[in-house]
Amino acid sequence: VQLQASGGGLVQAGDSLRLSCTASRRTSSNNGMGWFRQAPGKEREFVAAISWRGDVVYYADSVRGRFTISRDIPTGTLYLQMDSLKPEDTAVYYCSVARGSSATTRPTNYQYWGQGTLVTVSS
């Protein structure tokens, strides 16, 4: 399974971006999905997660109220709407497919990872 994340870019603080993630096949249709990010010199961290039905979502404290995770079940596409971006949001963002159907914050609960898309927020 290959995950393709897109939508990253260079923006200014306060701007918005929408990330998308598509899978090579519909393996994600019954699985939870999530977004993680890794800033230069830092470990990968959880950003947001969503259950397979889309009825349960979790957010990291640092993005809650600014980011919104969603999914389009028919197409299997995962989204991350990022508003009010800050320089500290600068990172490579990865989408992932969980092993189960629930939303989960633990990286070890994910089985497939995308290649990442770079988000750079200038001050």
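The values are calculated or read from the model by the stated rules, or taken from the named source; none is laboratory data. These numbers come from a predicted model, not from an experiment. These area figures cover heavy atoms from the full protein model, side chains too; ligands, DNA and RNA do not enter into them. Shrake-Rupley method; radii C 1.70, N 1.55, O 1.52, S 1.80 Å.
Can you tell me, using C-alpha contacts under 8 Å and at least 6 residues apart, the relative contact order of the range 20-85 as a whole percent?
The normalised contact order for the range 20-85 reaches 32 percent.
Accessible area per residue, 1.4 Å probe, Å², for the chain: what's the number?
50
What are the ³J(HN,Hα) couplings of the range 18-23, residue after residue, when phi is run through the Karplus curve with 6.51, -1.76, 1.60 and θ = phi - 60°? Round to Hz, x for glycine and proline.
With coefficients 6.51, -1.76 and 1.60, one gets 10, 8, 10, 9, 10, 9 Hz.
Where is the GNM fluctuation largest for the chain (alpha-carbon springs, 10 angstrom cutoff): 18, 64, 53?
64
Kirkwood-based Rg over Rh for the range 70-123 (C-alpha set), two decimals?
Across the range 70-123, the Cα-based Rg/Rh ratio is 1.01.
Quote the relative contact order of the chain in percent (integer), defining contacts as alpha-carbon pairs under 8 Å separated by 6+ residues.
37
Calculate what fraction, in whole %, of the accessible area of the range 48-123 sits on carbon and sulfur atoms when a 1.4 Å probe is rolled over the protein chains.
The nonpolar share, carbon plus sulfur, comes to 49 percent.
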